[in-house]
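Student: Pasting a structure here, questions to come.
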Amino acid sequence: MLGSFMGNSHFEDKFKELPGSKSTKTFFSLGFDAASLHALVVEVCAAPQLREVFNRTVTFLKPSILEKARYHAFVTLMIKRNLAKFNETMGFQISHSNKQKVKPFFRPKNDDNDGTINGSVKGIELSPPDVAGYDSWLVKHPSALNSFDSIMKEAKGKKVVVFLDYDGTLSPIVEDPNKAFMSAEMRAAVREVAKYFPTSIISGRSRDKVKQFVQLSNVYYAGSHGMDIMAPPRAVTSCDKKGNEGAFQPAKLFLPAIQEISVVLVDKIRGIQGARIEDNRFCISVHYRQVPPEDHEILKEKVKSLVENRPEFRLTEGKMVLEVRPSIDWNKGDALNYLLDTLGFSNAKDVLPLYIGDDRTDEDAFKVIAARREGFPIIVSSTPKDTIAWYSLRDPPEVLAFLLRLAKWRKSEIPFFK
Ligand SMILES: O=P(O)(O)OC[C@H]1O[C@H](O[C@H]2O[C@H](CO)[C@@H](O)[C@H](O)[C@H]2O)[C@H](O)[C@@H](O)[C@@H]1O
């Protein structure tokens, strides 16, 4: 690829004609965004003949100003999207012997679920579908897979503590919430990760339900968006006679009110076709994925009006779901802190929490990591979305690939496994 630029006087002339920021404007008008242009600069800086020209014209985009972790994502972006267009516009030939510098990543085969509704795409190449704005979003939230080496460089010698969301992260989003099964491969990957790192699953589901789906005994479970935590034994803070020994349940006093509002909710939404209520023990989900679009607003209004009159509850929104929760100041971020604490890491300086999640409620956990200024908040999304996560993974198959890589990395760190 570089060969097509080297010694091409047409190319150098173009740049000499365009002093200062004018040249970058030209690139932007060719359809480049800042990241792709940066990638191009990085690439071309490796060619001595062109380095000087580039240094003069696009200095503000020197590689040093951007995090190294993002570098690979930029280069990948450029290769995938813009180089062909650039060459075409500048009149350059691309020789067939030019090889991609960044190895493309392929989706692992996943026989059960693959992160798409109804599992329609299986084992296909991870080249991104052309979702508007995804590539530029990826610049701000680079792929945790492409940035894996940089992430692990930071993690070397530190204690990585893993937190995972369930729906949309470990299992695909499906129509029927009772069928959001996790694949056998994903289960094996989480089991493997949990062998090497303390691992917790923090879900909006009831703790029992998420445990039923995950079926692993070497992970900790937090259900009801962190309002029901089964922490390690040393953290026994409360117990009851119904088998909840050791569970931390900050919204316990709300249980009777939650059960009562649940009954009222069932009655309220009766008659709305496709609406369904899921009892998540300390919160209630009102699903509308199967409700005809014209009835979404009616359903939302009904639920809102019910909660508005009850100050002991608040409403949050997830993926085609409304969640009725007790009005306590406790979320997935608090659950993350609680678990870190009970795992004995609260005062440790060398702890890196890694949180992977796909939904709005996961942002609370991302916030906690961002405030610590250490750790890895990773959003799962195949479309651009507002998030404070630093890194991204496209879908559950990418989560699977990341977890496998994480376990492999740890194994390679342990001399016995080498
Ligand atoms: O925190 P999470 O583990 O991500 O749980 C959040 C909600 O996830 C589930 O609903 C979502 O997934 C369903 C199955 O794919 C899908 O049908 C639904 O539309 C999604 O919102 C779960 O059913 C909810 O109770 C959780 O609150």
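Student: Please go through region 330-373 and pick out each residue that is under 20 Å from the mean Cα position of the chain (by Cα), touching a residue at least 40 places away in the same chain (Cβ under 8 Å) and surrounded by fewer than 18 Cβ atoms within 10 Å (Cβ to Cβ).
Tutor: Passing the criteria: only Arg360.
Student: Let me ask something additional. So how many residues does region 333-369 have that are touching a strand residue (DSSP E or B) at 6+ places or on another chain (Cβ under 6 Å), outside any strand (DSSP E or B) and aliphatic (A, V, I, L, M)?
Tutor: The qualifying residues number 5.
Student: Just checking, how many residues over region 150-165 are acidic (Asp, Glu) and either under 30 Å from Ser206 (Cβ atoms) or free of Cβ contacts under 8 Å to residues at least 24 places away in the same chain (or both)?
Tutor: So the count comes out to 1.
Matching residues to (1) within 16 Å of the ligand (Cβ to nearest atom); (2) in contact with a Gly (Cβ under 7 Å, 6 or more places away or on another chain); (3) over 22 Å from Arg325 (Cβ atoms):
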| site | (1), (2), (3) |
| --- | --- |
| Gly157 | no, no, yes |
| Val160 | no, no, yes |
| Lys179 | yes, no, yes |
| Val193 | no, no, yes |
| Tyr196 | no, no, yes |
| Lys211 | yes, no, no |
| Tyr220 | yes, no, no |
| Gly223 | yes, no, no |
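Student: Within the group Val303, Val321, which residue is of a type in the set (Val, Ile, Thr) and over 17 Å from Glu175 (Cα atoms)?
Tutor: Just one listed residue meets the conditions, Val303.
Student: Right, something else. Could you check region 318-329 and list, in sequence order, the residues that are more than 14 Å from the ligand (Cβ to nearest atom) and touching a residue at least 12 places away in the same chain (Cβ under 8 Å)?
Tutor: Once the filter is applied, which keeps residues that are more than 14 Å from the ligand (Cβ to nearest atom) and touching a residue at least 12 places away in the same chain (Cβ under 8 Å), region 318-329 yields Pro326, Ser327, Ile328.
Student: If you don't mind, there's one more thing I want to ask. Give the residue, chosen from Ser392, Ser382, that is crowded, with 22+ Cβ neighbours inside 10 Å and either assigned to a loop (DSSP other than H, G, I, E, B) or touching a helix residue (DSSP H, G or I) at 6+ places or on another chain (Cβ under 9 Å) (or both).
Tutor: Ser392
Student: Is there a residue being among the β-branched types (Val, Ile, Thr), touching a Phe, Trp or Tyr at 6+ places or on another chain (Cβ under 9 Å) and more than 13 Å from Asp358 (Cβ to Cβ) anywhere in region 378-387?
Tutor: no
Student: Among the residues of region 248-263, which ones are out of contact with any helix residue (DSSP H, G or I) (no Cβ under 7 Å at 6 or more places or on another chain) and more than 18 Å from Thr316 (Cβ to Cβ)?
Tutor: Correct list: Gln249, Lys252, Leu253, Leu255, Pro256, Gln259, Glu260, Val263.
No lab work stands behind these numbers, since they all come straight from the coordinates. A quick note: this is a predicted structure, and the numbers were derived from the prediction, not measured. Don't worry about glycine lacking a Cβ; one is built from the backbone with ideal geometry, like all the others, and counts go over all protein chains shown.
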